[in-house]
Amino acid sequence: MLLAIDIGNSHIVVGIFEGQQLQKSWRFATDHTKTADEYGSQLLPLLKFSGLQTHDISASIISSVVPPLTQMFVEMVETFFLQTPSLVTCDWPLGLTIRYDHPQEIGTDRLVNAAAAYARFHQCLIVVDFGTATTFCTVTSSGEYVGGAIAPGLKSAADSLHLQTAKLPTVDLVLPKTVIGKDTVSSIQSGLLFGYAGLVDAIVTRIQQEIRQPAFILATGGMAEVIRPLSQTIQEIRPNLTLEGLELLYRKRHVN
């Protein structure tokens, strides 16, 4: 079995694959104060509850956009699973041609998403990832990763609105009944949710105008399900796209 770990700024997602099938996945809040032992102690009971033991894991792979936590998770895997995990970099065989001025600046989660999406659909794609940042990755029909866009994430924007103002409260990111808010909470919800749907549609439309070819619009990330009903451009959601990409890249590098 393969242990796949995606370390993000807000969440860490862990998946267990048997072959190419995702068997189990868990999501943790990213916590810089935890040690490798604490993360391992958090993960092991979940494995046991699922009927798995550490010796069932024969390989491991990590994608990380949080450098301080990368080595910590390497140590966790080495300590609890007795193996050294593979770390995804832009130099890996991705199945893509990178057309980006500084490839080392691309978050590995974006590369993993793009690789997974292109391997599955094999057509021109725009991948929208609703994470701490909302990212847009563009892949041409010939498999060229040509870049994209980065905007503040939806929750990041909501938190900033609360922290940077004296009277605006934190709100649940749920859809209000109307665009015109009747109170402060529904007004904030409207501005955030309808606003981000408009942001997604505007950027996707402009990207398609620039590349001059129709693109399939794929979304992933924690807020994708919330935004999809409001978006006119998102065509499909794959909640586990990054984990699927990690399994794919491990197989391409170590098995095929």
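The values are calculated or read from the model by the stated rules, or taken from the named source; none is laboratory data. Because the structure is predicted, anything quoted here is derived from the model rather than measured. Positions of Cβ are generated from backbone atoms using ideal geometry, with glycine treated the same way; all protein chains shown enter the neighbour counts.
For the stretch 154-163, indicate whether the set of residues that are exposed (fewer than 14 other Cβ atoms within 10 Å of the Cβ), without any contact (Cβ under 8 Å) to a residue 24 or more places away in the chain and among the polar types (S, T, N, Q) is non-empty.
yes
Being in contact (Cβ under 8 Å) with a residue 12 or more places away in the chain and either part of a loop (DSSP other than H, G, I, E, B) or loosely packed, with under 13 Cβ neighbours inside 10 Å (or both) is the filter here; which residues of the stretch 98-115 pass it?
Selection gives 99, 100, 104, 106, 107.
Can you confirm whether residue 118 is in contact with a Leu (Cβ under 8 Å, 6 or more places away or on another chain), buried (at least 16 other Cβ atoms within 10 Å of the Cβ) and part of a helix (DSSP H, G or I)?
It is true that residue 118 is in contact with a Leu (Cβ under 8 Å, 6 or more places away or on another chain), buried (at least 16 other Cβ atoms within 10 Å of the Cβ) and part of a helix (DSSP H, G or I).
Give just the number: which of (1) buried (at least 20 other Cβ atoms within 10 Å of the Cβ); (2) under 21 Å from residue 117 (Cβ atoms); (3) over 15 Å from the mean Cα position of the chain (by Cα); (4) assigned by TED's automatic domain parsing to the domain that holds residue 127 does residue 250 not satisfy?
(4)
Which residues, counting only those in the stretch 86-97, are surrounded by 15 or more Cβ atoms within 10 Å (Cβ to Cβ) and either aliphatic (A, V, I, L, M) or not in a loop (DSSP other than H, G, I, E, B) (or both)?
86, 87, 88, 94, 96, listed by residue number.
Scan 57, 98, 16, 12 and give me the residue that is of a type outside the set (Gly, Ala, Ser) and within 16 Å of the chain's Cα centre (by Cα).
Only one candidate passes the filter, namely 12.
Identify all residues within the stretch 1-42 that are more than 20 Å from residue 54 (Cα to Cα) and among the polar types (S, T, N, Q); write none if there are none.
Across the stretch 1-42, the qualifying residues are 9, 10, 30, 33.
Any idea which of 128, 179, 174, 200 is under 21 Å from residue 233 (Cα atoms), part of a loop (DSSP other than H, G, I, E, B) and under 23 Å from the mean Cα position of the chain (by Cα)?
The conditions single out 174.
For the structure I just gave you, tell me whether residue 19 is among the small types (Gly, Ala, Ser) and surrounded by fewer than 18 Cβ atoms within 10 Å (Cβ to Cβ).
Yes; evaluated as a whole, the condition is true for this residue.
Could you tell me how many of the residues in the stretch 143-167 are more than 23 Å from the chain's Cα centre (by Cα) and farther than 26 Å from residue 229 by Cα?
5
For residue 55, which of the numbered conditions (1) over 15 Å from residue 17 (Cα atoms); (2) of a type outside the set (A, V, I, L, M, F, W, C); (3) in a helix (DSSP H, G or I) fails to hold?
(1)
Just the residues that are of a type in the set (Val, Ile, Thr) and more than 13 Å from residue 123 (Cα to Cα), please, taken from the stretch 212-228.
Within the stretch 212-228, 220, 226, 227 meet the criteria.
Tally the residues that are touching a Phe, Trp or Tyr at 6+ places or on another chain (Cβ under 7 Å) and surrounded by fewer than 19 Cβ atoms within 10 Å (Cβ to Cβ), restricting the search to the stretch 121-139.
2
Could you check, for the stretch 30-50, whether at least one of its residues is in a strand (DSSP E or B), within 14 Å of the chain's Cα centre (by Cα) and surrounded by fewer than 18 Cβ atoms within 10 Å (Cβ to Cβ)?
Among the residues of the stretch 30-50, not one is in a strand (DSSP E or B), within 14 Å of the chain's Cα centre (by Cα) and surrounded by fewer than 18 Cβ atoms within 10 Å (Cβ to Cβ), which makes the answer no.
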